[in-house]
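The values are calculated or read from the model by the stated rules, or taken from the named source; none is laboratory data. Predicted model only: the values in this text are computed from it and were never measured. Don't worry about glycine lacking a Cβ; one is built from the backbone with ideal geometry, like all the others, and counts go over all protein chains shown.
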Number of protein chains: 2
Amino acid sequence: MDRPDVKRLARQLKALGHPNRLQLFLNLVEESQLDLAKGRTHDCFLAKLLGGLDINAPTVSHHVKELADAGLIDTERQGKQLICSVRPDALHALRALFEPAGT
Amino acid sequence: MDRPDVKRLARQLKALGHPNRLQLFLNLVEESQLDLAKGRTHDCFLAKLLGGLDINAPTVSHHVKELADAGLIDTERQGKQLICSVRPDALHALRALFEPAGT
DNA sequence: TCCAAAGTTTCTGAAACATCGAACTATGAA
DNA sequence: TTCATAGTTCGATGTTTCAGAAACTTTGGA
């Protein structure tokens, strides 16, 4: 039924399967929704997403790349900052995964 | 907003973040829903969940324990067989996680 | 030009994982 | 009692991951 993308989904779940990365991602989702409410694109640069995370720069950089490689977020450099955004398609795929069958 | 259980959720996502475990879990979810439709408890013994997975016994055993330790499934020995079932609360938590905020 | 800010790269070591073979433990027939 | 079934436990081994230190790269002021 879903053999083909099990691998991709597993990759995404794995990317979220680390407390720091999950928190990072959730912070971003939250920000995104705030900005969606305002009807414009969100501009979340990295440092803003570190709420309460006690890890330093290199590790953050590593985690962000992990999320990006898994296809969960998009990143774009803007001046000095790295702008992050959630990939809607990934979010939908994850929602669908845990939805009751056939729904 | 959800700092407390980020760790537990991360643990569950990590457990699902492996292709074989994810497939195992999805097979079980599917079985469960079939049986829910029939209005009775499902009886999924392990061997039945291995659809297409090319791993041998010790590895399967290890993965099942991983899913159980993460709180995603319950197991119960019944005669020679190990009966597995999805934990509804875990499924709900996962659904809620990817739901739009406030919903 | 010089500097600080915001990340990135590379390297390293410790810890955690995934998988398997071999030996083991029930359980339920024959 | 003897056997096959269905899993489990126990190393061993090779791989991956997490995190930080140090050094580097851009970029945007002063």
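Quick one: would you say residue A:55 is assigned to a loop (DSSP other than H, G, I, E, B) and surrounded by 12 or more Cβ atoms within 10 Å (Cβ to Cβ)? Spelling it out, residue A:55 is indeed assigned to a loop (DSSP other than H, G, I, E, B) and surrounded by 12 or more Cβ atoms within 10 Å (Cβ to Cβ). Which residue out of B:62, B:92 is surrounded by fewer than 17 Cβ atoms within 10 Å (Cβ to Cβ) and modelled with pLDDT of 95 or more? It is B:62.
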